[in-house]
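Contents: one structure, followed by commentary.
The values are calculated or read from the model by the stated rules, or taken from the named source; none is laboratory data. Everything quoted here is computed from the prediction, not taken from an experiment. So basically every Cβ, Gly included, is an ideal-geometry build from the backbone, and we count neighbours across all protein chains shown.
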Amino acid sequence: MPDTSNGFPELSESISRMAGILLSEETVDEILQLITSLALRTVPAVTAGSVSLIREDELTTAAYSHDEARVVDEAQYEDKAGPCVEATLNGSAQYVRDVGEAAHWPGFKTAATAHNFASVLSLPLAAGKARSGALNLYASQADAFDERDQEVASMFAQQAGVLVANAQAFSDATQLSENLRTALESREIIGEAKGILMAREQISADEAFDVLRRISQTTNVKLRDVAVKIVESTQRRSRDGDPT
């Protein structure tokens, strides 16, 4: 993760912190929460922050520093309009200098005003052309983000976007590996249970599988769990010296 923060000590510190994260030791949600807290330290004008993320084709607030930020985010999701929605969909920074003048986003304006936010800066979180969401920075004063703040926030969001993409990719790969492992274990235990039934009942492999399936359906127990019970029961009888 390159450091482009020369001249911005707060940003440099935050980028170093993000660069030092071990993906194998942090969950995606923990990383998102860290990004939110670092944003507040990096950009002094920020009163509250949040991360909007696309999950299952819907925008959701995956991390936030204050509940008020989450509420304003959700008002935008409901209307499908507002700075965080625009930043995510269009991939461009959205700076609302004065919430009171955001008449084109009435739901956002009402919610932000009700929670004492006077200006908002939403920046896309992206890695290359792939956009994953937005970093939302809320301030209690109008026109709170000067040029320096906007530059710092933009560089922070660029680094955060790469981190989020890497964290999600790592999480997806880990989940896929776990799913494959579970599938292999399930196949093995079901195969073992089929073998037990074939030997015990003198039936074919297909007939043994049908027995497992019927038990699963009538007991409303997963097929794998039925197989586990049969194998464990057979192992207990073997240990106890019961051949049946």
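Would you mention how many residues in the stretch 196-226 are part of a helix (DSSP H, G or I), over 37 Å from the mean Cα position of the chain (by Cα) and among the small types (Gly, Ala, Ser)?
3
Pick out the one residue from Leu53, Leu40 that is assigned by TED's automatic domain parsing to the domain that holds Gly91, more than 14 Å from Leu125 (Cβ to Cβ) and touching a Gly at 6+ places or on another chain (Cβ under 8 Å).
Details: Leu53 fails: more than 14 Å from Leu125 (Cβ to Cβ).
Answer to the selection: Leu40.
Return a yes/no flag: does the stretch 67-82 have any residue that is touching a Lys or Arg at 6+ places or on another chain (Cβ under 8 Å), modelled with pLDDT under 95 and not small (Gly, Ala, Ser). Step through it out loud before you land on a result.
As a first pass, look at the stretch 67-82 and keep what is touching a Lys or Arg at 6+ places or on another chain (Cβ under 8 Å): none.
Looking through the stretch 67-82, none of the residues is touching a Lys or Arg at 6+ places or on another chain (Cβ under 8 Å), modelled with pLDDT under 95 and not small (Gly, Ala, Ser).
Might you check whether a residue that is among the polar types (S, T, N, Q), within 26 Å of Glu56 (Cα to Cα) and either in a helix (DSSP H, G or I) or in the same structural domain as Cys84 (by TED's automatic domain parsing) (or both) occurs anywhere in the stretch 181-195?
Within the stretch 181-195, one or more residues are among the polar types (S, T, N, Q), within 26 Å of Glu56 (Cα to Cα) and either in a helix (DSSP H, G or I) or in the same structural domain as Cys84 (by TED's automatic domain parsing) (or both).
Among the residues that make up the stretch 144-164, is at least one of them under 23 Å from Pro9 (Cα atoms), in the same structural domain as Thr36 (by TED's automatic domain parsing) and of a type in the set (Lys, Arg)? Even if it seems obvious, please write down each step before you answer.
Pass one, the stretch 144-164, residues under 23 Å from Pro9 (Cα atoms): 144-164.
So of that shortlist, the ones also in the same structural domain as Thr36 (by TED's automatic domain parsing) come out as 144-164.
Cutting the leftovers down to of a type in the set (Lys, Arg) gives us 148.
For the stretch 144-164, residues under 23 Å from Pro9 (Cα atoms), in the same structural domain as Thr36 (by TED's automatic domain parsing) and of a type in the set (Lys, Arg): present.
Go through (1) within 19 Å of the chain's Cα centre (by Cα); (2) surrounded by 18 or more Cβ atoms within 10 Å (Cβ to Cβ) for Tyr138 and report which single condition fails.
(1)
For the stretch 196-216, which residues satisfy the criterion of being loosely packed, with under 12 Cβ neighbours inside 10 Å and either assigned by TED's automatic domain parsing to the domain that holds Thr27 or of a type in the set (Asp, Glu) (or both)?
Listed by number, the residues that qualify are Glu201, Asp206.
Would you say Ser132 is assigned by TED's automatic domain parsing to the domain that holds Ala48, under 16 Å from Asp67 (Cα atoms) and either at pLDDT below 95 or among the charged types (D, E, K, R) (or both)? Before the answer, list the steps.
Values: assigned by TED's automatic domain parsing to the domain that holds Ala48: yes; under 16 Å from Asp67 (Cα atoms): no; either at pLDDT below 95 or among the charged types (D, E, K, R) (or both): yes.
Considered against the rule, which asks whether it is assigned by TED's automatic domain parsing to the domain that holds Ala48, under 16 Å from Asp67 (Cα atoms) and either at pLDDT below 95 or among the charged types (D, E, K, R) (or both), Ser132 comes out as no.
Based on what the data block shows, is Val71 crowded, with 23+ Cβ neighbours inside 10 Å and assigned by TED's automatic domain parsing to the domain that holds Ser132? Outline the logic, then answer.
Details: crowded, with 23+ Cβ neighbours inside 10 Å: no; assigned by TED's automatic domain parsing to the domain that holds Ser132: yes.
Taking the combined requirement at face value, the residue does not satisfy it.
Pairs needed: first member in the stretch 215-227, more than 22 Å from Leu184 (Cα to Cα); second member anywhere, assigned to a helix (DSSP H, G or I); C-beta distance under 8 Å; at least 6 residues apart or different chains.
Thr219/Val226
Does Ile31 fit the bill of being crowded, with 20+ Cβ neighbours inside 10 Å, of a type in the set (Val, Ile, Thr) and more than 16 Å from Leu121 (Cα to Cα)? Talk me through it step by step, then tell me what you get.
Working: crowded, with 20+ Cβ neighbours inside 10 Å: yes; of a type in the set (Val, Ile, Thr): yes; more than 16 Å from Leu121 (Cα to Cα): yes.
Considered against the rule, which asks whether it is crowded, with 20+ Cβ neighbours inside 10 Å, of a type in the set (Val, Ile, Thr) and more than 16 Å from Leu121 (Cα to Cα), Ile31 comes out as yes.
Pairs please, first residue from the stretch 14-37 and under 15 Å from Gln175 (Cα atoms), second anywhere and aromatic (Phe, Trp, Tyr) and in a helix (DSSP H, G or I), Cβ atoms under 9 Å, 6+ apart in sequence or on different chains.
Leu23/Phe170; Ser24/Phe170; Val28/Phe170
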